[in-house]
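Notes follow once the structure below has been shown.
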Amino acid sequence: MNAFGVDVSGLDVAAFLAQARLLAALAGLVWIALVLRARRPAVVLVGAMAASALAWLVSTWPLQRIYALGPSADRITNLAWCTMVAAGAPPLQTSQVGQLHFEPLWGLLVAALSGFDADRVLALYPFLPLPMAIAFPAALYVGLRPAEPGEGWSPWERAAAALAGTLLISAPFDYMTTYRVPWALMFLLKPNHSLALVLFPLFLYAFVRVRGWRSRIAVGLFLHLVAWTFVLHMAYIAIGLAVYAAWTLVAGRGDGRRAVVDVATVIGVNALIVSPYLVMLLVGYPFLQPVAIQQIATASPHLLETTFRLGPIFPLGVWGVVVAHRRGDRLGRVWSGQVVGAYLIWVGYLVLSAMHQARERDEIAFWIRILMAVSAAVGAWDLAARVGARWRGTRATPAWRAAALMAMALPWCLPCWWDPARMDVLFPGSLPPLPRRIVEPTDYIRLHAPPRAAVASDPDYSRWIAALGGRQVLRDRHMHLTADQPDRERVLDTLLREADGASVAAAAARYRIGYLVVTPALLAMHPGVTLEDLGSRPHWERVLVTGEEGGGDPIVVLRLAAPTRG
Amino acid sequence: MTLRPGVLLGLPEGVPDPLLHLAAMRYVLCGLALGWALVVLKARRAWWPAAGALWVLAAVGFWTFALGRPYGLLEDRELTARAARIAVVANAGGPEDLLAGENLPPSAWTWAAARGVPPRLLQSLPTFLPLLALPVLGLMGYLLWGRRRIAPLAAILWLAFATGELETLRGVGLAGGLWRRPEAALVLPVLVAAALALSRLRAASRAWPLIALALAAGAAALPVEPPRLPIPDILLLASMDQGAWLFLGAYGLVRRGDPAARALTAAGAGLLVAHACGGPIDVVGAHALYRLGLLLGAAPVVADLCHRAGAWIAARGPRLRHLDPSAAGASALVALLVPGSFLAWWDPTKTDAIAGASVPGLARALYEVTDWIRHETPPHAVVLASEDYAPAVAALGGRRVLRAPTLLRPADEWRRIRAQSAVLEGRDPQKHVARYGVTFVLIAPSEFAEHGLTTPDDLGALDRFRLRYRHAEGYLVYEIVP
């Protein structure tokens, strides 16, 4: 069954995807015709939203499990944050019991959307990328509205920006490059990051309208909301704002002082609220430890990845930034500051790479792709107006200009070439349903374990318990190490080896552990421990045994009984 | 001497490396593209295509020389069989195919090999042909197109945009497609040159359909290779995959019709239709003509746009006023679009499984063993080798083999299997020597265990097997003596 409850086990996926691309091309032609007929920018915007929805549908329909659940550790972690909170775990903690969370808003939001029902989270989760994919172009359209009338940023231009910012951020051969397909990784894989993207244009909308201290503080609070959603996007925005303020000051504009005060207040309010939490994160997470793998990939021409690698988007985007900045309005200058700030971060990664600190390069790469695609729309709209002005006659209306640009862009729009079976490494692994050895024990945990109970298991299987069982775990190999990692190892060893029930209960109580899920990997990691030994101890109650497919070793769920002296 | 393409330039093994040197190559290509733009801005127009050809040479050359063996050798059935036939005809002579007792199918490659063209040259040539064909196409666009004023710009378009992302995604890209289509790499430039030359005749403005017909007939004769695209794909290929060139080309063809552009486009479109209808037409060749025609049709429109853009640039300041508007516009076109164009970012090792598999070189031991076979066995010798090594014996050693099931399965395959068993188990090998002429056996470690041979040396215990060659890595060659 897919997310819609339809049996797709017999679906010819390759044919389905090929037909979807053909449909997208035909729909694109109809879209252009509708733009010419209706002559309203809303048609461009709605079409962009529909195209984004189509790309989501095409990528989701053939799947018999949640997208990337299994092929991507990130996705399992992300789901875990939601199911756990929905089931009653503290929202400020990650899947590892006691560990402080770095993106707590998303889990709380999804849990609230599902009515704090973990089962409903699992049903809802595949649909979460859809509202993000639709909301982002809408947010661009709304967020780029000028603060004052007559400042450019016409509805047609904003509709073009919405189209480009959603459908032109990826290119057909992205899947072979270092950073892969931005649309899939932003919207399909990480809806929490794309939620921060949705907030970004709305933040700009609010920022350019700042008047006085009250609105400055309100916008600072808005920025801090972005930080709770995705801290890196907050950092990118803050750096972009700093560039805007510095640029305005250096350019000697009359509003330089106001820009500095606005930016300083917004960032200051944001930092004031978020900084204690950031300090805790820095203490709690090994962010600053240099790791050899955190370098720019050998095969990646770093300075070209976000410039000429983007093809025509780059020169058009540069032109768009020039156009936006030259408008002189606040939105244009804030926008150009965001683009320049993003590129400064990108260049800074050369230094970070030398320090083995070049983390999350893909996030800034995607951020730049989106900024440049939107800028390219601004640039293309300007060029189309210039060319149209030379075209004597009445046909160079905005609708015709939009139609001409759409016709040029249509082949490069995502749904027209999107073939996830070939271009998305996470898609093929998402086609088959989850195996029983994962589904049955996690279902049991979700349905029977007390909401606050934590589960101990092998560090790899634990992520499934957190994601599908909705319970925190002692150790998740795919999360950062906690400072008390040796203690956790000792507790796990006690749970497995200690025959005295009271000692086990005391060790378990420290991390609220109520269940032990014994997997073949767990036994292999603890030589000498056997299922028979564990089964013979009165403090462990065997509540579920799931046979491996093909008759392999079973996965056994044990519940910690009331402490007894053994 | 190995068959590694880099040997031609004296490049050491592993240079260029498609991973280690990739980033540097991208920077170099970007720099060359900007250099090309500078040439367009500053130099005489004759240098425009020359600089562009250099850029294409660098872009395609990196991947050509990154291959560790001729494209597809010992990886692709058809390409290996072609290489094997060339080697066998050149080294062993005679009318038989690479399998003893089979008739040699006629081909230009074996014809040339029989007439003394060095076999290694013929085996390596298909790998180098795209490297030559793509720049030659651009240069011919400049040299032969009748519209002399804008011919340099047309050459730029052909060099930079004759191959693109969308059609490559569909398996129809010219740059990657020519590796397995050496005939097309040789014939397409000739056909295009003929079309350009004929279109310069006065009658061509009316007779261009005849030129298109002749062009289509020539291209239709090219060998057909996969893929075979269904009708919807052909429709998308002819429309969406052309991107902006469809509009610019169509506008140019209608408003400023040029016979050469019309002939190329019509021939390509006709062949695409024929392909869609199930005709034996190679889709890469058909698409190449179509794209070249569209680009040629777009050239006058692009020239106009470049002139306007150049005039705008020249008006930006007194220091720019002296610029030739057309050159400035064309230079901007190259600077802005070429560094991000498909060839600059092409990675055939990821788009083409055979190219990826051709990056590792062949083992030194394989060259040494097959060199020995070629030098020390008589030309008429027939070698029995496992299905893993038989293609190498034919393609590198130049000797016919008893069986090569990964390349060919003749009608009497079952008889050859029995012959192989009889020879390897010592049951009257003379009979099979007589039928297929099997006189040598190449055996590698762990091979032919199903015939009771636990080590290659076990074969020496049988009557009439004389060990002739032993390689340090365990390969043995036995001669079957009377």
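The values are calculated or read from the model by the stated rules, or taken from the named source; none is laboratory data. Here the structure is a predicted model, which means the values were calculated and not measured. Neighbour counts are summed over all protein chains in view; Cβ atoms, including those assigned to glycine, are modelled from backbone coordinates with ideal geometry.
Checking the structure you have, find out if any residue of segment A:149-156 is of a type outside the set (D, E, K, R), at pLDDT 95 or above and in contact with a helix residue (DSSP H, G or I) (Cβ under 7 Å, 6 or more places away or on another chain).
yes
Pairs please, first residue from segment B:184-207 and over 15 Å from residue B:138 (Cβ atoms) and surrounded by 23 or more Cβ atoms within 10 Å (Cβ to Cβ), second anywhere and polar (S, T, N, Q) and modelled with pLDDT under 95, Cβ atoms under 7 Å, 6+ apart in sequence or on different chains.
Pairs that qualify, where the first residue is over 15 Å from residue B:138 (Cβ atoms) and surrounded by 23 or more Cβ atoms within 10 Å (Cβ to Cβ) and the partner is polar (S, T, N, Q) and modelled with pLDDT under 95: there are none.
So, in segment A:288-327, of the ones that are within 23 Å of residue A:150 (Cα to Cα) and in contact with a Lys or Arg (Cβ under 9 Å, 6 or more places away or on another chain), which residue ends up nearest to the other protein chains (Cβ to nearest Cβ)?
Filtering first and then ranking leaves A:325.
Which residue out of A:358, A:385 is more than 13 Å from chain B (Cβ to nearest Cβ), aliphatic (A, V, I, L, M) and in contact with a Lys or Arg (Cβ under 8 Å, 6 or more places away or on another chain)? Outline the logic, then answer.
Details: A:358 fails: in contact with a Lys or Arg (Cβ under 8 Å, 6 or more places away or on another chain).
One residue alone meets the criteria, A:385.
When only residues in segment A:199-228 that are among the hydrophobic types (A, V, I, L, M, F, W, C) and touching a Leu at 6+ places or on another chain (Cβ under 6 Å) count, which is surrounded by the fewest Cβ atoms within 10 Å (Cβ to Cβ)? It would help to see each step written out before you state the result.
First, pick out the residues of segment A:199-228 that are among the hydrophobic types (A, V, I, L, M, F, W, C): A:199-200, A:202-204, A:206-208, A:210, A:213, A:217-219, A:221-223, A:225-228.
Subsequent filtering for residues that are touching a Leu at 6+ places or on another chain (Cβ under 6 Å) retains A:208, A:226, A:228.
Working: A:208: 23, A:226: 27, A:228: 20.
The extreme case among them is A:228.
Report yes if residue A:531 is under 30 Å from residue A:65 (Cβ atoms) and over 38 Å from the mean Cα position of the chain (by Cα), otherwise no. Break it down stepwise before answering.
On the way: under 30 Å from residue A:65 (Cβ atoms): yes; over 38 Å from the mean Cα position of the chain (by Cα): yes.
Here the answer is yes, as residue A:531 does meet what is asked.
Hey, which of the helices (runs of 4 or more DSSP H) in segment A:249-342, taking only ones fully inside, have at least 2 residues that are in contact (Cβ under 8 Å) with a residue 60 or more places away in the chain and not basic (Lys, Arg)?
Details: elements: A:256-284, A:302-305, A:313-327.
Once the helices (runs of 4 or more DSSP H) in segment A:249-342 are filtered for at least 2 residues that are in contact (Cβ under 8 Å) with a residue 60 or more places away in the chain and not basic (Lys, Arg), what remains is A:256-284, A:313-327.
Please specify each residue of segment B:1-51 satisfying the condition of being assigned to a loop (DSSP other than H, G, I, E, B) and either closer than 13 Å to residue B:62 by Cβ or basic (Lys, Arg) (or both). Can you show your working first?
Residues of segment B:1-51 that are assigned to a loop (DSSP other than H, G, I, E, B), as a first pass: B:1-4, B:10-21, B:43-46.
Within segment B:1-51, B:4, B:11, B:15, B:16, B:17, B:18, B:19, B:20, B:21, B:44, B:45 meet the criteria.
Quick one: would you say residue B:249 is within 14 Å of chain A (Cβ to nearest Cβ), at positive phi and of a type in the set (Gly, Ala, Ser)? Reasoning before the result, please.
Working: within 14 Å of chain A (Cβ to nearest Cβ): yes; at positive phi: no; of a type in the set (Gly, Ala, Ser): yes.
So residue B:249 fails the test.
Taking the criterion of being in contact with a helix residue (DSSP H, G or I) (Cβ under 8 Å, 6 or more places away or on another chain), hydrophobic (A, V, I, L, M, F, W, C), surrounded by fewer than 22 Cβ atoms within 10 Å (Cβ to Cβ) and modelled with pLDDT under 95, would at least one residue in segment A:320-343 satisfy it?
The answer is no, given that none of the residues of segment A:320-343 is in contact with a helix residue (DSSP H, G or I) (Cβ under 8 Å, 6 or more places away or on another chain), hydrophobic (A, V, I, L, M, F, W, C), surrounded by fewer than 22 Cβ atoms within 10 Å (Cβ to Cβ) and modelled with pLDDT under 95.
Taking the conditions exactly as written (charged (D, E, K, R), more than 20 Å from residue B:89 (Cα to Cα) and either surrounded by 23 or more Cβ atoms within 10 Å (Cβ to Cβ) or within 14 Å of chain A (Cβ to nearest Cβ) (or both)), does residue B:416 satisfy them or not? Spell out how you get there, then give the answer.
Values: charged (D, E, K, R): yes; more than 20 Å from residue B:89 (Cα to Cα): yes; either surrounded by 23 or more Cβ atoms within 10 Å (Cβ to Cβ) or within 14 Å of chain A (Cβ to nearest Cβ) (or both): yes.
It is true that residue B:416 is charged (D, E, K, R), more than 20 Å from residue B:89 (Cα to Cα) and either surrounded by 23 or more Cβ atoms within 10 Å (Cβ to Cβ) or within 14 Å of chain A (Cβ to nearest Cβ) (or both).
Going residue by residue through segment B:446-456, is there one that turns out to be assigned to a helix (DSSP H, G or I), charged (D, E, K, R) and either touching a residue at least 12 places away in the same chain (Cβ under 8 Å) or over 17 Å from residue B:369 (Cβ atoms) (or both)?
Yes, some residue in segment B:446-456 is assigned to a helix (DSSP H, G or I), charged (D, E, K, R) and either touching a residue at least 12 places away in the same chain (Cβ under 8 Å) or over 17 Å from residue B:369 (Cβ atoms) (or both).
Being within 14 Å of chain A (Cβ to nearest Cβ) and modelled with pLDDT under 95 is true for just one of B:298, B:309. Which residue is that?
Values: B:298 fails: modelled with pLDDT under 95.
Checking each option against the conditions leaves just B:309.
Show me the helices (runs of 4 or more DSSP H) found entirely inside segment B:118-193 where at least 1 residues are in the same structural domain as residue B:276 (by TED's automatic domain parsing) and within 23 Å of residue B:300 (Cα to Cα). Walk me through how you get there before you give the answer.
Values: elements: B:119-144, B:151-161, B:165-169, B:174-177.
The helices (runs of 4 or more DSSP H) meeting that bar are B:119-144, B:151-161.
Out of all the residues in segment A:475-507, which are within 34 Å of the chain's Cα centre (by Cα), buried (at least 21 other Cβ atoms within 10 Å of the Cβ) and more than 24 Å from residue A:78 (Cβ to Cβ)?
A:491, A:492
So which pairs qualify, if the first residue must be in segment A:390-413 and within 11 Å of chain B (Cβ to nearest Cβ), the second must be modelled with pLDDT under 90 and assigned to a helix (DSSP H, G or I), the Cβ gap must be under 9 Å, and the two must be at least 6 apart or on different chains?
Close Cβ pairs satisfying both conditions: A:404/A:387; A:404/A:388.
For residue A:378, indicate whether it is farther than 19 Å from residue A:177 by Cβ, within 23 Å of the chain's Cα centre (by Cα) and at pLDDT 95 or above.
Here the answer is no, as residue A:378 does not meet what is asked.
Among the residues in segment A:59-66, are any out of contact with any Asp or Glu (no Cβ under 7 Å at 6 or more places or on another chain), under 28 Å from residue B:232 (Cα atoms), modelled with pLDDT of 95 or more and within 14 Å of chain B (Cβ to nearest Cβ)?
Within segment A:59-66, the subset out of contact with any Asp or Glu (no Cβ under 7 Å at 6 or more places or on another chain) is A:59-66.
This time we only want the ones that are under 28 Å from residue B:232 (Cα atoms), so: A:59-63.
Retained after the next criterion (residues that are modelled with pLDDT of 95 or more): A:59-63.
From the residues that got through so far, the ones that are within 14 Å of chain B (Cβ to nearest Cβ) too are none.
No, that holds for no residue.
Results for (1) outside the structural domain of residue B:435 (by TED's automatic domain parsing); (2) of a type outside the set (A, V, I, L, M, F, W, C); (3) in a loop (DSSP other than H, G, I, E, B); (4) buried (at least 18 other Cβ atoms within 10 Å of the Cβ), shown as yes or no for each residue.
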| site | (1), (2), (3), (4) |
| --- | --- |
| B:56 | yes, no, no, yes |
| B:60 | yes, no, no, yes |
| B:74 | yes, no, yes, yes |
| B:81 | yes, no, no, yes |
| B:86 | yes, no, no, yes |
| B:89 | yes, no, no, yes |
| B:94 | yes, yes, yes, no |
| B:106 | yes, yes, yes, no |
| B:112 | yes, no, no, yes |
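When segment B:210-227 is examined, which residues are found to be away from chain A (no Cβ under 14 Å), more than 12 Å from residue B:274 (Cβ to Cβ), within 18 Å of the chain's Cα centre (by Cα) and surrounded by fewer than 19 Cβ atoms within 10 Å (Cβ to Cβ)?
Of everything in segment B:210-227, those that are away from chain A (no Cβ under 14 Å), more than 12 Å from residue B:274 (Cβ to Cβ), within 18 Å of the chain's Cα centre (by Cα) and surrounded by fewer than 19 Cβ atoms within 10 Å (Cβ to Cβ) turn out to be B:221, B:223, B:225, B:226.
For residue B:228, which of the numbered conditions (1) farther than 30 Å from residue B:47 by Cα; (2) part of a helix (DSSP H, G or I) fails to hold?
(2)
Mind telling me which of the residues A:373, A:365 ends up being under 27 Å from residue A:182 (Cβ atoms), more than 14 Å from chain B (Cβ to nearest Cβ) and buried (at least 21 other Cβ atoms within 10 Å of the Cβ)? First the steps, then the outcome.
Details: A:373 fails: more than 14 Å from chain B (Cβ to nearest Cβ).
When all the criteria are applied, what remains is A:365.
I'd like to know if segment A:513-528 contains one or more residues that are part of a strand (DSSP E or B) and not hydrophobic (A, V, I, L, M, F, W, C).
Filtering segment A:513-528 down to residues part of a strand (DSSP E or B) leaves A:513-518.
Restricting the remaining residues to those that are not hydrophobic (A, V, I, L, M, F, W, C) gives A:514-515.
Yes.
Residue B:242 versus (1) surrounded by fewer than 16 Cβ atoms within 10 Å (Cβ to Cβ); (2) within 14 Å of chain A (Cβ to nearest Cβ): which is the lone unmet condition?
Every listed condition holds for residue B:242 apart from (1).
Mind checking which residues of segment B:320-343 are aliphatic (A, V, I, L, M), within 14 Å of chain A (Cβ to nearest Cβ) and free of Cβ contacts under 8 Å to residues at least 24 places away in the same chain? Outline the logic, then answer.
Our first condition is that a residue be aliphatic (A, V, I, L, M); within segment B:320-343, this holds for B:320, B:323, B:327-328, B:330, B:332-338, B:343.
Next cut, within 14 Å of chain A (Cβ to nearest Cβ) only: B:332-338, B:343.
Once the filter is applied, which keeps residues that are aliphatic (A, V, I, L, M), within 14 Å of chain A (Cβ to nearest Cβ) and free of Cβ contacts under 8 Å to residues at least 24 places away in the same chain, segment B:320-343 yields only B:336.
Scan A:53, A:48, A:14, A:42 and give me the residue that is within 14 Å of chain B (Cβ to nearest Cβ), outside any loop (DSSP other than H, G, I, E, B) and of a type outside the set (S, T, N, Q). Steps first, answer last, please.
Values: A:53 fails: within 14 Å of chain B (Cβ to nearest Cβ); A:48 fails: within 14 Å of chain B (Cβ to nearest Cβ); A:42 fails: within 14 Å of chain B (Cβ to nearest Cβ).
A:14 is the lone residue from the list that is within 14 Å of chain B (Cβ to nearest Cβ), outside any loop (DSSP other than H, G, I, E, B) and of a type outside the set (S, T, N, Q).
Does residue A:171 fit the bill of being away from every other protein chain (no Cβ under 14 Å) and not basic (Lys, Arg)? Outline the logic, then answer.
Details: away from every other protein chain (no Cβ under 14 Å): no; not basic (Lys, Arg): yes.
It is false that residue A:171 is away from every other protein chain (no Cβ under 14 Å) and not basic (Lys, Arg).
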